[in-house]
Amino acid sequence: MILEQYYLECLSHASYLIGDETTGRAIVVDPRRDIAEYLDDAAEYGLTIEGVVNTHFHADFVSGHLELVDATGAWIGFGEAAETDYPIRRLRDGERLSLGDVELEILSTPGHTWESISVLVRERPGATPTAVLTGDSLFIGDVGRPDLVNLGDGSTTDLARAMYSTIHEKLLTLPDEVVVMPAHGAGSSCGKNLSTELTSTIGEQRASNPSVQPMTEGAFVALVTDGQPAAPSYFSADAAMNKQVHPLLSPSRTIPALTPGEVRDELAAGTRVLDARSVDDFAAGHLRGSINVGFDGRFAETGGMVAEVGGRILLIAYPGEEQEAALRLARIGSDNVTGYLGIGRDGAFPTELATLVETAPRTTVEQLDLMLAAEEVTLIDIRNPGERDFGTIPGAIPIPLAQLRTRLDQVPTGKPIVMHCAGGWRSSVAASLLRAQGFEDVSDLFGGYDAWAETHVPA
């Protein structure tokens, strides 16, 4: 049996290739859009990819099932409750898929979504399962959240109850030695306490995962619906794309370098500018109206928070990072990157754009203290609910970054605005977004909440 995991740190996303060496037959589970790695590995192992299984309609990225079908002619499989605009194979609970000696069993595991399934993997029929690919049902350290964008005719509570049954009546009944291989890891917005470990076992999760300990259904519902990170606004767009026929991602796609004149034209046309450089370099000088989404952080997910999926995007990036940045955006469906402007580590912009370059104000903890004492500041906390449980700065207004673009009308004006996160990366995103939307006198807190908490008692 061949069982390969592919992990993307930027999206905390795991996908899988499962193959049988004796027959050369294989399937891919939860693929991303750039499929070259699956194809290359399949060729190396002598495998033919004949099926693509999505454990559910993903909301945080655009799945690569259409790209794989185009490249291989494979069928696409979903749980029985799935409805799509393209032909699919409906996979029933208990259905066995044979690749030869290797056998896959479908488990209906609703809770994150209604159509959610898990895939049980055996090296041969009748053998103890080797692994279970749990999608967004059982994570390492948590379970999938029930409140994203695929509620259907049910409610969050209904899905949470379904997840309770999935965990206790399906997944925890598996032998302790079965390896747990989920679709996401730490940092994903699809759960709140995901581990940095990429695999575990049923036994380890039974012993250590707080969300699967013995408890009543009501206690479980309360646990999994409380304190979840805010869902990025692009999630609904991606979930819809994954149900529809949409343009394929070309494996040879590149974005062009733009001249200063072309950059000016894009700005005049209202193209969204994402500056992928570091927070410090952005603060030292950037194009007016650009938004700082550093390539060194959760670039794709954050880009989806501040730019419309499908909208025109111009990238500012360090030389050599622009194509990877565009690919990361394409993974969430943002294909319309018109081009890039490369800016070196010295921060020098072309002289033709000099009149458009400005600096970004930053506020120190000491300056914030004076502003708070004089009641001369609007302080916005853009951290997620679970982060705020550990302490807040008195007077801060909570608006998670993932919701900021859709809640701009809730940001008070009339006083200087200071944005803060935990360490200063996300607050640069938030402050630059507000400035790009026309807000004046906006800065971010240098060092974030962590710097403030070093000398203050949290509320």
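The values are calculated or read from the model by the stated rules, or taken from the named source; none is laboratory data. Just so we're clear, the structure is a prediction, and the values are computed from it rather than from any experiment. Counting neighbours? That spans all protein chains shown, and the Cβs are built from the backbone with ideal geometry, glycine included. Side chains are part of the model used for accessible areas, which takes the heavy atoms of the whole protein and leaves out ligands, DNA and RNA. Shrake-Rupley method; radii C 1.70, N 1.55, O 1.52, S 1.80 Å.
Here are a few things to note about the model shown:
- Computed from backbone phi, the HN-Hα couplings of the range 22-39 come to 6, 10, x, 9, 8, 10, 10, 10, 6, x, 8, 6, 7, 9, 4, 5, 5, 5 Hz, rounded to whole numbers (Karplus: 6.51 cos²θ - 1.76 cosθ + 1.60, θ = phi - 60°; Gly and Pro given as x).
- Over the chain, DSSP H runs of length four or greater, each weighted -39,500 (n - 2.57), average out per residue to a 222 nm ellipticity of -7000 deg cm²/dmol.
- Stretched out straight at 0.36 nm per residue, the stretch from Glu123 to Glu80 would grow longer than its current Cα-Cα span by 13.0 nm.
- All-pairs Cα distance distribution in the chain, expressed in whole percent, bin size 20 Å: 24, 52, 23, 1
- Axis angle, to the nearest 10 degrees, between helix 156-165 and the longest C-alpha principal axis of the chain: 40 degrees.
- The range 1-62-the range 330-356 distance, computed between alpha-carbon centres (Å): 33
- A Förster radius of 22 Å combined with the Cβ-Cβ distance from Tyr7 to Ser208 puts the calculated FRET efficiency at roughly 0.60.
- Coupling constants for the range 121-134 follow from the phi torsions by the Karplus curve (6.51 cos²θ - 1.76 cosθ + 1.60, θ = phi - 60°), and in residue order they are 10, 10, 6, 7, x, x, 6, 4, x, 7, 8, 10, 8, 9 Hz; glycine and proline get x.
- Distance in nm between pseudo-label sites at Asp450 and Glu375 (7 Å out along the Cβ direction from Cα): 3.4
- Accessible surface of the chain [probe 1.4 Å, protein heavy atoms]: carbon and sulfur percent: 49
- Between the amide H of Ile397 and those of Leu379, Ile380, Asp381, distances stay under 5 Å, these residues lying 5 or more places away or on another chain, with hydrogens modeled in the peptide plane.
- Between Thr196 and Asp101, residue separation times 0.36 nm minus the direct Cα-Cα distance comes to 31.0 nm.
- Evaluating 6.51 cos²θ - 1.76 cosθ + 1.60 at θ = phi - 60° for every residue in the range 83-88, the Karplus couplings come out as 10, 9, 8, 10, x, 9 Hz, glycine and proline recorded as x.
- Neighbourhood net charge (15 Å Cβ-Cβ; Lys/Arg +1, Asp/Glu -1) for Leu99: -4
- Reported to the nearest whole Å, the Cα centre-to-centre distance from the range 241-287 to the range 212-239 is 33.
- Share, in percent, of DSSP beta bridges within the chain that are antiparallel, nearest 5: 45
- The rule of thumb for compact globular proteins, 2.2 N^0.38 Å, goes into the C-alpha radius of gyration of the range 320-401 1.62 times.
- Stretchable slack from Asp226 to Thr359, in nm (0.36 nm times residue separation minus alpha-carbon distance): 44.0 nm
- Rolling a 1.4 Å probe across the protein heavy atoms gives the chain an accessible surface of 39 Å² per residue.
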